Amino acid sequence: DFRKTPEPGAGRGQSKRAKPIFVIQKHDATRLHYDFRLEINGVLASWAVPKGPSLDPDDKRLAVHVEDHPLDYATFEGVIPKGEYGGGPVIVWDNGSWETDDPDPAAAVRKGKLTVTLHGKKLRGTWTLARMRGRGDDDKDNWLLITQEDEFATTGGGSIVDDLPRSVLSKRAIGELAQSSGHAPKRKTKPAKAPRDVAPPDPSAITNAKRVKTIPEYSAQLCTLADAAPSGEGWVHEIKFDGYRLLAHKTAKGVTLISRNGHDWTARFRPIAAAVRALPCDTCVIDGEATIVDA
Ligand code: MN
């Protein structure tokens, strides 16, 4: 019922982008799942992936083919009211564009196998969706979502859905969304507070205290395909040596190097950690490509 749910209704316009879009929405309905959607012929072909995507090519993730969604749904983030279909919070977990060598993706979906290259903020590289045959006796259209061995695949440990849980649009976690939109169950009573004998200190009264912004959660900047490099004063160009995208965090506690997927790789790039430690900043976050040529 579109008078009750904030979800967009069907059919306003075609995508005017050169490449079709994809979106993965994290949806905490009866069960948490990830809705994997590909723009095909003006609609979003959709699969519900209970465990979400995995960067490990050995993980074959169940993907239940569900009904197409309108293109406008791609930016939907909000809380579907209880009692409506799929009631619960939705965030845009990843989005971007996709492409395929397949000349007719819609036919490929009907035949039960489509291989795509994703250009997302979290997911990159080659992924295959393939219908399972002769398994299960329910009426569900069960497929598998598998990433291919490529430079973006990782094996052994780490879960991208756990490591990068937040929305790529609002940076919110799905639980925060449910609370902020007022649909979370309200507490009947205020939680009991421990009695305080002493008022908490006023930080602004501390000598030399400075007001600072809360340190945000950073994610590595990923490259975008473009036909030409940007020009103008604000740009510096360099040769791209292939390496590992890392965020270097420097604080009073020291330097940590965090990978694109949130793993601590400080030990793998000690010379780079040492170089960051020697930089004149006290607290900083540096987004860069790490390569040690003379290993
Ligand atoms: Mn869903």
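The values are calculated or read from the model by the stated rules, or taken from the named source; none is laboratory data. Worth saying up front: this structure is predicted, and the values here are computed from it rather than measured. When we count neighbours, we look across all protein chains shown, and the Cβ atoms used for this are built from the backbone with ideal geometry, even at glycine.
Matching residues to (1) in contact with a Cys (Cβ under 7 Å, 6 or more places away or on another chain); (2) at pLDDT 85 or above; (3) over 30 Å from PRO280 (Cβ atoms); (4) part of a loop (DSSP other than H, G, I, E, B):
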site: GLY156; (1), (2), (3), (4): no, no, yes, yes
site: ARG196; (1), (2), (3), (4): no, no, yes, yes
site: ALA226; (1), (2), (3), (4): no, no, yes, yes
site: GLU233; (1), (2), (3), (4): no, yes, no, yes
site: LYS240; (1), (2), (3), (4): no, no, no, yes
site: LEU246; (1), (2), (3), (4): no, yes, no, no
Problem set entry | Residue pairs meeting the criteria (Cβ under 8 Å; at least 6 apart or on separate chains; first farther than 16 Å from VAL49 by Cβ and of a type in the set (Asp, Glu), in the range 66-91; second within 13 Å of the ligand (Cβ to nearest atom) and at pLDDT below 90) | GLU84/THR5
Exercise. What's the number of the condition PRO103 fails, among (1) buried (at least 19 other Cβ atoms within 10 Å of the Cβ); (2) without any contact (Cβ under 8 Å) to a residue 24 or more places away in the chain?
Worked result: (1)
Problem set entry | Failed item, numbered, when GLY87 is tested on (1) closer than 26 Å to LEU225 by Cα; (2) modelled with pLDDT under 95; (3) of a type outside the set (Ser, Thr, Tyr); (4) touching a strand residue (DSSP E or B) at 6+ places or on another chain (Cβ under 7 Å) | (1)
Seminar exercise, completed: Taking the range 248-281 and keeping only residues that are exposed (fewer than 10 other Cβ atoms within 10 Å of the Cβ) and not in a loop (DSSP other than H, G, I, E, B), one is left with ALA267
Exercise. Condition test on ASP162, is it without any contact (Cβ under 8 Å) to a residue 40 or more places away in the chain and over 30 Å from HIS263 (Cβ atoms)?
Worked result: no
Problem set entry | Answer from LYS60, LYS51, LYS26, LYS19 - the residue that is in contact with a strand residue (DSSP E or B) (Cβ under 7 Å, 6 or more places away or on another chain), within 12 Å of the ligand (Cβ to nearest atom) and within 26 Å of GLU151 (Cβ to Cβ) | LYS26
For this session: Within the range 23-45, track down each residue that is assigned to a strand (DSSP E or B) and closer than 15 Å to VAL109 by Cα.
Result: PHE36, ARG37, LEU38, GLU39, ILE40, VAL43, LEU44, ALA45
Exercise. Is there any pair linking a residue in the range 268-285 that is touching a residue at least 40 places away in the same chain (Cβ under 8 Å) to one that is aromatic (Phe, Trp, Tyr), with Cβ under 9 Å and at least six apart or on different chains, and which?
Worked result: VAL285/TYR218
Exercise. Residues that are within 16 Å of the ligand (Cβ to nearest atom): which strands (runs of 3 or more DSSP E) entirely in the range 79-142 hold 3 or more of them?
Worked result: 88-99
